[in-house]
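Below is one structure, written out as structure tokens; comments come after it.
The values are calculated or read from the model by the stated rules, or taken from the named source; none is laboratory data. Keep in mind that this is a model prediction, so the values were computed, not measured. Cβ atoms come from the backbone with ideal geometry, glycine included; neighbour counts cover every protein chain shown. For the accessible areas, the whole protein counts, side chains as well, though only heavy atoms, and no ligand, DNA or RNA atoms are used. Shrake-Rupley method; radii C 1.70, N 1.55, O 1.52, S 1.80 Å.
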Amino acid sequence: VLSVFYPRSVEPETKTQKPKLLPIRRQTNTVSIGSIKIGGSEPIRIQSMLTSDSTNVDACIEEIARLDAVDCEIIRLTVPNQKSVDSLPAIRAEMLKRGIERPLVADVHFNPQLAVNVCEFVEKVRINPGNYADRKKFEIREYTDAQYQEELQRVEEKLLPLVENLKKYSCALRIGTNHGSLSDRVMNRFGDTPEGMVESALEFLRILRRHDFEETILSMKSSNPLVMIKAYRLLVRGMDAENMHYPLHLGVTEAGNELDGRIKSAVGIGTLLCDGLGDTIRVSLTEPAENEIPVARSILQSTRSRIYNADFISCPSCGRTFFDLESTTEQIKACTSHLKGVKIAVMGCVVNGPGEMADADFGYVGAGPDKINLYHGQSCVEHNIPAEHAVQRLICLIKEHGKWVDPA
Ligand code: SF4
């Protein structure tokens, strides 16, 4: 079931060719979130969520400013009550005063009226199909087909005022399904499963489509990367079967903090990006919101989904290395990491280094005690340079090949 939908690797036509890594991205509709677009051929967007109380305008603004400073492209905040809705004009006014033009997303649970009311003040609303029209009673019962249809009718009636306001205020919608908060209706028929998560979203999508609302984005989050990976893949299969091409928001929810949170997010989000799935991502960490942004960028860069910096390849070093590879790599990174898209290899020895530096544009390779060879692609262009001059010579080589720009 966990098949890959959009494989990136294409087999070579002849044995001497290397496999081509093609970023075949799933084709989606484009959805506008204010001035930013998601999906289609737009860059994969990075977003985060405030941890502040939405009624505390000052705290929200400080957090928004920190996210803006690290280039978070879309900012979500929770809207649990009408007072939070009422705070939004003041938050927006202060953002404008500070020259911050990031789109805002309102996160609404349990209260359809709040979702309706908030459309006027934000660029996107996120609802959870598990609790938008349903209060969870954990009731165990068999729904007949007729009863199930009646439930869907009730959901449709609750969605209509929202659709009306979304259209009126040119607001987008995210159907944000969470594993663990599915409605009783879905739980009883499908269980707490990826299949249930997918059906939960499709029920809403069919209603929205019937009422000509297409500005929709989907998410299938779980704290278990295996569940979320399966759910997103099944969702794409389900949407394809119904000729739906909505963009995807990827995330591992409640991923935790520090190393575990980062690895879990990288596994879940990165796997799907390698399938060509995903149009916006949120790394969810139990840390200050701005810490999420470099992690998100690193996941995008590592999967070659969006390039922010130079790409570095460096070996772990071993007994064949005759220079301090760790500090040299740091030194090279400090001088060159701003060279967007340039691939630089730092390898310990000429025995294995040149062969293993893959598709690097430039290589810095140990040639013996205090001696360095420099490579352009697979060709060694400078031999036995004294180590003390080698980093400077590498920069000259990058300049000679027109790949250098001065740091901003
Ligand atoms: S490239 Fe050379 S120095 Fe680096 S780990 Fe491999 S064998 Fe060791």
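Summary table
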| quantity | calculated |
| --- | --- |
| Amide H contacts of Cys171 (H built 1.01 Å from N, under 5 Å, at least 5 apart or other chain) | none |
| Relative frequency of Cα-Cα separations exceeding 14 Å in region 114-174, percent | 61 percent |
| Whether region 255-408 is rounded, prolate or oblate, judged on the alpha carbon gyration tensor where a/c under 1.5 counts as rounded | prolate |
| Normalised contact order of the chain, rounded percent, pairs of Cα under 8 Å and 6 or more residues apart | 13 percent |
| Anisotropy class of region 120-229 from Cα gyration tensor, a/c 1.5 cut | oblate |
| DSSP bridge pairs, the chain: antiparallel proportion in percent, nearest 5 | 35 percent |
| Using θ = phi - 60° and Karplus 6.51 cos²θ - 1.76 cosθ + 1.60, couplings along region 119-131 (whole Hz; Gly, Pro as x) | 3, 5, 10, 9, 8, 8, 10, 10, 10, 9, x, x, 9 |
| Ratio of the Cα radius of gyration of region 355-408 to 2.2 N^0.38 Å, where N counts its residues | 1.13 |
| Net charge over other residues, Cβ less than 11 angstrom from the Cβ of Ile313 (K, R count +1; D, E count -1) | -3 |
| Distant-in-sequence amide H partners of Cys349 (H built 1.01 Å from N, under 5 Å) | Gly366 |
| From phi via Karplus (6.51, -1.76, 1.60), per-residue ³J(HN,Hα) for region 351-356 in Hz, x at Gly/Pro | 5, 10, x, x, x, 9 |
| For the chain, accessible area per residue (1.4 Å probe, heavy atoms of protein chains only), Å² | 46 Å² |
| Apportionment of accessible area to carbon and sulfur, the chain, percent (1.4 Å) | 51 percent |
| Residue order for Thr321, Thr280 - accessible surface, 1.4 angstrom probe, largest first | Thr321, Thr280 |
| Cα-based Rg / Dmax (Å) for the chain | 24.7, 81 |
| Whether region 311-400 is rounded, prolate or oblate, judged on the alpha carbon gyration tensor where a/c under 1.5 counts as rounded | rounded |
| At most 14 other Cβ within 10 Å, DSSP loop - GluC sites (Glu not before Pro), region 99-193 | Glu101, Glu139, Glu142 |
| Given Lys343/Lys371; Lys167/Lys221; Lys97/Lys124; Lys230/Lys340, the pairs whose alpha carbons are separated by over 24 Å | Lys167/Lys221; Lys230/Lys340 |
| Listed peptides 381-391, 77-87 by packing density, highest first (mean Cβ within 10 Å) | 77-87, 381-391 |
| Computed magnitude of the charge dipole of the chain (debye, nearest 20; Cβ of K, R +1, Cβ of D, E -1) | 620 debye |
| Region 311-400: antiparallel DSSP beta bridges as a percent of all, rounded to 5 | 60 percent |
| Dipole moment magnitude, nearest 20 debye, region 311-400 about Cα centre, only Lys, Arg, Asp, Glu C-beta charged | 100 debye |
| Karplus (6.51, -1.76, 1.60) ³J(HN,Hα), θ = phi - 60°, over region 338-347, in Hz, Gly and Pro reported as x | 7, 7, 3, x, 7, 9, 10, 9, 10, 10 |
| Under-5 Å amide H pairs with Met49, H placed in peptide plane, nonlocal only | Arg76 |
| Ranking by accessible area, most exposed first, for Phe323, Phe362 with a 1.4 Å probe | Phe323, Phe362 |
| Two-decimal Rg/Rh across region 196-288, once Rg and the Kirkwood Rh are taken from alpha-carbon atoms | 1.01 |
| DSSP H segments from the chain that extend 27 Å or more along their own axis, Cα-based, with Kyte-Doolittle mean of -1.0 or above | none |
